[in-house]
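Everything on this sheet refers to the single structure shown next.
The values are calculated or read from the model by the stated rules, or taken from the named source; none is laboratory data. Here the structure is a predicted model, which is why all the values come from computation and not from measurement. In this analysis, Cβ positions are derived from the backbone assuming ideal geometry, glycine residues included, and neighbour counts consider all displayed protein chains.
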Amino acid sequence: MFRPDYLDALSPQSGESQLTKHPGSMAQDIEAGRETELEAMTGYVVRKAKELGVPVPVTESVYRMAKGLEYAANARRAKH
């Protein structure tokens, strides 16, 4: 069984530092205004799960948050 306090015990610095010095490809795409792979990969899973009646709440939440980042970046870019 998963215990949330387990994550706290991993490291006192967990989540406080970058995992890498280099941004991921999706972050680079969003910053540059390019289309990301989000729709082809995660969007497909969300749509297919809905079609099949399979709940995927975590995947859908991640998808919506990432789409929100894309939307916000595009809106900022459009203002300038």
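Say we look at the stretch 67-80 and pick out the residues that are surrounded by 14 or more Cβ atoms within 10 Å (Cβ to Cβ) and within 19 Å of Arg47 (Cα to Cα); which of these is farthest from the chain's Cα centre (by Cα)? Steps first, please.
Restricting attention to the stretch 67-80, the residues satisfying the condition of being surrounded by 14 or more Cβ atoms within 10 Å (Cβ to Cβ) are 67, 69-70, 73.
From the residues that got through so far, the ones that are within 19 Å of Arg47 (Cα to Cα) too are 67, 70.
Values: Lys67: 8, Glu70: 10 Å.
Only one residue fits best here, namely Glu70.
Look at Arg64 and say whether it is surrounded by 11 or more Cβ atoms within 10 Å (Cβ to Cβ), modelled with pLDDT of 90 or more and within 13 Å of the chain's Cα centre (by Cα).
So Arg64 passes the test.
May I ask you to verify whether Val46 is at pLDDT 75 or above and surrounded by fewer than 10 Cβ atoms within 10 Å (Cβ to Cβ)?
Against the criterion (at pLDDT 75 or above and surrounded by fewer than 10 Cβ atoms within 10 Å (Cβ to Cβ)), Val46 does not qualify.
Given the condition under 18 Å from the mean Cα position of the chain (by Cα), on the phi > 0 side of the Ramachandran plot and modelled with pLDDT of 80 or more, answer yes or no: does some residue in the stretch 3-19 qualify?
No - not one qualifying residue is present in the stretch 3-19.
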